[in-house]
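What follows is a set of notes on a single structure, which appears directly below.
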Amino acid sequence: MPLSQAIIKVTNLRLRTFIGFNQDEREKQQDVVINIEIHYPADRSFQTDDVADALNYKVITKKVIQHVEEGRFLLLEKLVADVLDICREHPTVTLARVTIDKPHALRFADSVSLSLEYQS
């Protein structure tokens, strides 16, 4: 029985990193909020119930956390693109979306966000 794509969502992953090009942004970590959506075919994992046949979101999330927390980024575009690259590393990924919010980046706004998408 063919199934539709499985969709993994990681919602509001809150991390701290160096993001921005102003002097104070380069010296002090800021909060970022990451939302990830990854699509992949679930047929095999559904049939076998074997973790080896599924996309391991924990492995992906750990890589994202390490990259973000250890990195320094001038632009939100670079950070989002890097996280998207991590999310699409697995060969079965058919679509990945990443949105990263930078809370309090503007005085009268809750946050500024940027999204990028990959589709095979």
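The values are calculated or read from the model by the stated rules, or taken from the named source; none is laboratory data. If you're wondering where the values come from, they're calculated on a predicted model, not measured in any experiment. Don't worry about glycine lacking a Cβ; one is built from the backbone with ideal geometry, like all the others, and counts go over all protein chains shown. Keep in mind that these areas ignore ligands, DNA and RNA; they rest on the heavy atoms of the full protein, side chains included. Shrake-Rupley method; radii C 1.70, N 1.55, O 1.52, S 1.80 Å.
Please verify whether the range 79-98 includes one or more residues that are exposed (fewer than 13 other Cβ atoms within 10 Å of the Cβ) and closer than 17 Å to E117 by Cα.
yes
Keeping to the range 1-13, report how many residues are open to solvent by less than 40 Å² (accessible area, probe 1.4 Å) and farther than 24 Å from V98 by Cα.
Selection size over the range 1-13: 0.
Name the residues in the range 39-48 that are surrounded by 12 or more Cβ atoms within 10 Å (Cβ to Cβ) and at pLDDT below 95, would you?
Once the filter is applied, which keeps residues that are surrounded by 12 or more Cβ atoms within 10 Å (Cβ to Cβ) and at pLDDT below 95, the range 39-48 yields Y40, P41, A42, D43, R44, S45, F46.
Filter the range 14-38 down to residues that are open to solvent by 30 Å² or more (accessible area, probe 1.4 Å), more than 16 Å from H104 (Cβ to Cβ) and either of a type outside the set (A, V, I, L, M, F, W, C) or at pLDDT 95 or above (or both), then give me how many there are.
The qualifying residues number 5.
For (1) touching a residue at least 12 places away in the same chain (Cβ under 8 Å); (2) in contact with a Pro (Cβ under 9 Å, 6 or more places away or on another chain), each residue gets a yes or a no:
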residue: F46; (1), (2): yes, no
residue: V51; (1), (2): no, no
residue: L55; (1), (2): yes, no
residue: V59; (1), (2): no, no
residue: D85; (1), (2): no, no
residue: V93; (1), (2): yes, no
residue: S111; (1), (2): yes, yes
residue: E117; (1), (2): yes, no
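When the range 49-74 is examined, which residues are found to be more than 17 Å from T92 (Cβ to Cβ), part of a helix (DSSP H, G or I) and open to solvent by 30 Å² or more (accessible area, probe 1.4 Å)?
Passing the criteria: K62, I65, Q66, H67, E69, E70.
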